[in-house]
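Note sheet for the following structure.
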Amino acid sequence: MCGIVGVIGKTDATAVLLGGLKRLEYRGYDSAGVYVNDQAGHDHLVKAVGKIAALEAAIGPDVQGVMGIGHTRWATNGKPTEANAHPHVSNDERFYLVHNGVITNAAALRAEYLSDVTFASDTDTEVVVQLVAAFARAGEATKAAFRHALQLLDGSYAFALVDRLDPTALYIAKNKSPLLIGKGAGFNVVASDALAMLDQTDQFVALNDEEIVTLTKTAIQIETLAGDPVTREPFTVHLDAHDTGKGTYEYYMLKEIDEQPAVMRRLVATYTKDGAVQLPAALLKALAGASQLVIVAAGTSYHAGLVGRGLFESLAGIPTSVELASEYGYHQGLLTAKPFFIFLTQSGETADIRQVLVQVKAKGYPSLTITNVGSSTLAREADYALELHAGPEIAVASTKAYTAQVALQALVAKGLGVALGQPAATAFDVVHQLGLAAAGQQALIDQKSRLHELARDLFATTRNAFYIGRGTDYYISLEAALKLKEISYVQAEGFAAGELKHGTIALIEQDTPVVAIITDPATAAHTRSNAEEAAARGAKVLFIAARSEAEPSDQLIIPDIDPRLSPLLTIIPGQLLGYYTSYDRGYDVDKPRNLAKSVTVE
């Protein structure tokens, strides 16, 4: 959940590192640091607690160099302090190291190899840099000492290492944590995410697990840990660096909410032609041969998967389950003879999901990754990959990636159902429905001022809130509650409306906020009755209803759409209610406490 940047061969290395860290701040903002070296005997290490702005303020005009490494941290080992911030330095001040991941055997290595070393931090990362220094003092060359240390490690890592005695090279390695090399003209860079260095280059080289790289300003030398050379061509990232900016928006989250109608239209343009879904023939054949679909996801993507289950079962007629990656990696249920795994992930780097993919591949089951980052690890390692085409999502709270996941699952389910000859799929006009979704999203987005009023009225001072619904409305209740809790810190929970009377209604007090979502004609009357039960016990209820199910007293009306796709609309008020509640409370909407965008550790 941390961000790494590095550069070699640029005269403005400090500016390059700071720019990259700013674009990676969504990955961590507890602390940050840079090490730069001018390759002429002068170097600087600067670290600061807090966001990148604090680091930038601490960097004086003399902190210049032609190579360096930087890091923005989301704490896993050790509290957010300057001592625990990266880069970490060996006791002899020779080696500087930044790290993303978790070394699970750090304590054992420290006891076995470093019992006589005084540590300056509480991190697992310092164990690694001190190991490299110890092996170098024993006579090993820098790359050999780095390789020796890597061969002892258990866990996940992405590393960038500098030897201040020979600052003409950066040493890079990864295992289970994302890292890319960027190829420039007379310089090279390294970053956890291509977004960090898009202003420098659009040419990137992917790294596989247990590879080590020697990076100079003109060369990229990749080897396995065993020392075997690896040749890999760069790929082009087709993204405008300007897309990562906020423009006139105060926060990325609001910008990304506003972009959702365009994402719907982009998905239709990308995956359909003349009204028919266009998917790779090999993918369709593999899906059609499945006796069971297993959707594996986490967080917001899990909520999208719950919606996807209904789409796949109703349109393609294939039994579908949805599994939390962090649980499924260790507790797997029974599978039919021919399961097909679908991995939903915004970043394509989620560690919990990747460990499931590794197991799936080992068993020979086919797999598809649906992700917003086509160059990501999960996209590369699955048998098939489909891109969300949502554009960069920088705010920690996912918005447009969620709706893109729902929409793309609808497209895949439609295409699969048609391939299988399912009448329900033939009757489902997905292009028309996604067009309705885009128009409906825009209509709701245009009601920002109304939603701001509702948020202020409902959530201004509360510490607790509930979202309720049935069917897909229940799934959206889970996602809307997550949006509220993660950015405004309100204890918000989503519940199946019918379950209120089985315990949860005991929590209802005078003025407790309850948001009732009503779009499903089969259960609309039941959900409304459950909401009235809460109101009778003092709850302040906000009714969000589809036009066809609405009553005159309902506060917010949702345009009608196929109920299976209603989450594409009902989540818009959920996102905006969360946004305005956080905004009015004075929080940093894009960077909520204790959270980071990309969860790259288990």
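If we scan segment 316-328, do we find a residue that is assigned by TED's automatic domain parsing to the domain that holds A407, among the aliphatic types (A, V, I, L, M) and more than 24 Å from the chain's Cα centre (by Cα)?
Among the residues of segment 316-328, at least one is assigned by TED's automatic domain parsing to the domain that holds A407, among the aliphatic types (A, V, I, L, M) and more than 24 Å from the chain's Cα centre (by Cα), which makes the answer yes.
Is it the case that segment 320-332 has a residue that's in contact with a Ser or Thr (Cβ under 8 Å, 6 or more places away or on another chain) and in contact (Cβ under 8 Å) with a residue 60 or more places away in the chain?
no
Just one of (1) outside any helix (DSSP H, G or I); (2) at pLDDT 95 or above trips up S301, so point out which.
(1)
Keeping to segment 61-81, report how many residues are surrounded by fewer than 16 Cβ atoms within 10 Å (Cβ to Cβ) and touching a residue at least 12 places away in the same chain (Cβ under 8 Å).
4
Tell me, which residue of segment 526-565 that is of a type in the set (A, V, I, L, M, F, W, C) and assigned to a helix (DSSP H, G or I) is nearest to A438 (Cα to Cα)?
Residue satisfying both the conditions and the ranking: L565.
For segment 137-182, which positions are crowded, with 17+ Cβ neighbours inside 10 Å, basic (K, R) and at pLDDT 95 or above?
K143, R147, R164
Could you identify the single residue in A108, A173, A169, A144 that is without any contact (Cβ under 8 Å) to a residue 12 or more places away in the chain and closer than 22 Å to V190 by Cα?
Just one listed residue meets the conditions, A144.
Looking at this structure, is A58 of a type in the set (A, V, I, L, M, F, W, C), touching a residue at least 12 places away in the same chain (Cβ under 8 Å) and within 21 Å of E25 (Cα to Cα)? Break it down stepwise before answering.
On the way: of a type in the set (A, V, I, L, M, F, W, C): yes; touching a residue at least 12 places away in the same chain (Cβ under 8 Å): yes; within 21 Å of E25 (Cα to Cα): yes.
Yes: the conditions hold for A58.
What residue, of V358, V406, is part of a helix (DSSP H, G or I) and touching a Pro at 6+ places or on another chain (Cβ under 6 Å)?
Working: V358 fails: touching a Pro at 6+ places or on another chain (Cβ under 6 Å).
Answer to the selection: V406.
Got at least one residue in segment 447-462 being under 19 Å from H303 (Cβ atoms) and in contact with a Leu (Cβ under 6 Å, 6 or more places away or on another chain)?
The initial filter retains those residues of segment 447-462 that are under 19 Å from H303 (Cβ atoms), namely none.
No, every residue in segment 447-462 fails to be under 19 Å from H303 (Cβ atoms) and in contact with a Leu (Cβ under 6 Å, 6 or more places away or on another chain).
Looking at segment 99-113, is at least one residue in contact with a strand residue (DSSP E or B) (Cβ under 6 Å, 6 or more places away or on another chain) and closer than 17 Å to V34 by Cβ?
Yes, some residue in segment 99-113 is in contact with a strand residue (DSSP E or B) (Cβ under 6 Å, 6 or more places away or on another chain) and closer than 17 Å to V34 by Cβ.
Could you figure out which of (1) of a type outside the set (S, T, N, Q); (2) in contact with a Phe, Trp or Tyr (Cβ under 7 Å, 6 or more places away or on another chain); (3) farther than 17 Å from A460 by Cα; (4) touching a residue at least 60 places away in the same chain (Cβ under 8 Å) isn't true of P563?
Result: P563 passes all but (2).
Which of the residues belonging to segment 262-298 are in contact with a strand residue (DSSP E or B) (Cβ under 6 Å, 6 or more places away or on another chain) and in a strand (DSSP E or B)?
Result: Q292, L293, V294, I295, V296, A297.
The values are calculated or read from the model by the stated rules, or taken from the named source; none is laboratory data. Nothing here was measured: the structure is a model prediction, and the numbers come from that model. Counting neighbours? That spans all protein chains shown, and the Cβs are built from the backbone with ideal geometry, glycine included.
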